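See below for the structure under consideration.
What follows draws every value from the coordinates through simple rules; no lab data is involved. Not measured: the values here are computed from a predicted model. Because the Cβ atoms are built from the backbone with ideal geometry, glycine has one as well, and the counts that use them run over all protein chains shown.
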Amino acid sequence: MNCRGVSRRLSAYIDDDLSPGIRQGVEDHLRTCISCKRRLAEFEAIISAARNLAPLTVSVGFQYRVLRAVQSRQISHEVLSDLRYKMTLAGVAFVVTSAAIFFMVGPPGSRTPSFTGSPDSSNLASPDFYTHPETKVSSFPVPESSNVGQYTAQDQLAPTDSVRPNEFILPNVQKVNENIDSRF
Amino acid sequence: MNNGTRQKERPKTSDKELMELIQSGDEKSFTELVARYQDRLLNFVGRIVNDQETAEELIQETFLRIYNQKNSYTPEYAVSTWIYTIALNLARSELRKRKLRRFLSLDFLKEESDIEIADKANFTTEGLAPILQKAIDNLPEDYRTAFILCDIQRLPYQQIAEILRVPVGTVKSRINRARSMLREKLKPYKEIYYELSRGIPQIISLY
């Protein structure tokens, strides 16, 4: 083995990490090469000096600080997960309520019943509501013989805060029933 | 590997048993783990970042991560490997931040002074420690970490490879290179580190 080969394996030789054959080759070379022997001595001295460096020790109260930090992190983690749970619950409640309102009242714009009156009624609360493409009343099936057109738009679109639901629905139902009776 | 010199006295509860207890919610075992590893980690992280206060903060964060991620530990690796890996990642992150701060403050334009000793004649063995530490600091990060794990922490090559996530051959090469670089850096103080090293009389007799 030459100097280059030994130099490459010097650390493994010191750390006893060579196979017996290679170790023997390194030792044979070291017996005859003063340069490699010096290099080995310097390596070992550096390692020994590094091992003799004064060990660092943690400052007073370090362990207590660590344990306190773990506890406070744990508490904040619990508070966060509790908050997350409550937020999830509130979210679910909101979705359920919204869904219930949607099925009970219907989507916005569909509050006009299918038996509505004439779209060109002069008493419309908001003409735009009827002329808007999305809420075009003319698309609703209105029988020609129907007399529901007698109702004013105010009856159908009266603001809910001024008219109680029964007042809004009952006259319409009654009229429809009359309409059905007149046809059959 | 000479295990006899590297293995310390075996504790009553093994690290793996301790981890199992921590995973089952035993807080006393966590306290025991902190007591067992705090100085070892300080001598590892402290030598990498070369600042005790920062090193203690990083070790505290290491223990917090150990506690919070206790269930992610699997007995496939040694507990110490897992702990060293967490500490090393934090230390590397700190070094990256420092590098960025240095770059932003334009300090990189100033040349880093290498080892400096004004009065070499009055230099004592006690004075070598900061010189050696400075020489270690000046090593490239990969070599420095490998050297600290091998020669200060005295871990076997295989475990160092697992911590650094590189092949054992790479570890051997890095350690050999680190020792060669230190040898070059410390050439002017050869006599002093020989004195400090002690215990190798047959080598000292060469000179």
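Assorted remarks:
- Modelled label reach - residue B:101, point 7 Å along Cα→Cβ, segment B:11-51 residues with backbone N closer than 15 Å: B:49-51
- In segment B:11-110, lysine pairs closer than 20 Å at Cα, eight or more apart or cross-chain: 6
- Applying the Karplus relation 6.51 cos²θ - 1.76 cosθ + 1.60 with θ = phi - 60° to segment B:83-98 yields 3J(HN,Hα) values of 5, 4, 5, 4, 4, 5, 4, 5, 5, 5, 4, 5, 5, 5, 4, 4 Hz, where x marks Gly and Pro.
- With the simple model of a label 7 Å out from the Cα in the direction of the Cβ, residue A:27 to residue A:98 spans 8.0 nm.
- Prolate/oblate/rounded label for segment A:3-51 (Cα gyration tensor, a/c 1.5): oblate
- Förster radius 41 Å - calculated FRET efficiency between residue B:158 and residue A:4 (Cβ-Cβ, nearest 0.05): 0.95
- Our analysis of segment A:57-106 gives Rg over Rh at 1.52, with the two radii drawn from alpha carbon positions and Rh computed by the Kirkwood formula.
- The string of couplings for segment B:31-38 from the Karplus curve (6.51, -1.76, 1.60, θ = phi - 60°) is 4, 5, 5, 4, 4, 6, 10, 4 Hz, one whole number per residue in order, with x for Gly and Pro.
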